[in-house]
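A short write-up of the structure that comes next.
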Amino acid sequence: MPRLSVWFVRAALIYLTLGFTFGGLMLANKGVPIHPLIWRLLPSHIEFLLFGWTIQLAFGVAFWILPRWQTQRGNVRPAWAAFLLLNGGIWLVVAGSWFNWPAWTLVSGRLLETAAVAAFAWHAWPRVKPWVEGSP
Ligand code: HEM
């Protein structure tokens, strides 16, 4: 597995753990009220599981598995940029929801996440190609 996929997949697993933990806390808090602030975890629960886990895992596996040119994966810089943009965006959105930061932090976080998707598509687009007889 290439180094970038290791980063993507490990980060995804960390977000899965956090997202499920927050979900479990909110669920428990519904049955036995623990603290009203626990509801503040809802946006981070959603962010961690949809972007941090699902999309990040898809990026990590796609970077590893999409067709290559011999051993080369083409231009890998946009894929690394996607990793940084995605995680930067996630934490901007989450920090904004925890600390009541102004709305522009949410917008900026979402813009970073959108840029991450665009950067990953830039990297992956040429690798989406049909299999040719005799190619590895
Ligand atoms: C990949 C897995 C998951 C995803 C994508 C996900 C996503 C979401 C989303 C989008 C919401 C907001 C729903 C709404 O506002 O109508 C939500 C709410 C919630 N989730 Fe999850 N979730 C996941 C797994 C879990 C797990 C494993 C737990 C519990 C252990 C959990 C507990 C909760 C709770 C308690 C709420 C609040 C429900 C309410 O509004 O009363 N979630 N989740």
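Taken together, the values in this text are just the output of simple stated rules run on the coordinates, not laboratory data. Given the structure is predicted, the values throughout are model-derived calculations rather than measurements. Cβ sites come from the backbone with ideal geometry, for glycine too, and all protein chains shown count toward neighbours.
Structure values in brief
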| item | result |
| --- | --- |
| Cα-projected label distance for Lys129 with Thr21, points at 7 Å along beta-carbon direction, nm | 4.3 |
| Mean Kyte hydropathy of 0.0 or more with a Cα span along the axis of at least 20 Å, helices from DSSP in the chain | 3-31, 77-99, 103-124 |
| Alpha-carbon centroids, region 66-136 and region 1-44: separation in whole Å | 21 |
| Inverse of mean 1/r across different Cα pairs in region 61-136, Kirkwood, Å | 13.9 |
| For region 24-98, diffusion coefficient by Stokes-Einstein and Kirkwood Rh (Cα), 10 °C, 1.306 mPa s, µm²/s | 109 |
| At most 15 other Cβ within 10 Å, DSSP loop - trypsin sites (Lys or Arg not before Pro), region 59-136 | Arg68 |
| Relative intensity, log₁₀ I(q)/I(0), of region 3-127 from a Debye sum that treats every alpha carbon as a point, q = 0.22, 0.23 Å⁻¹ | -1.17, -1.24 |
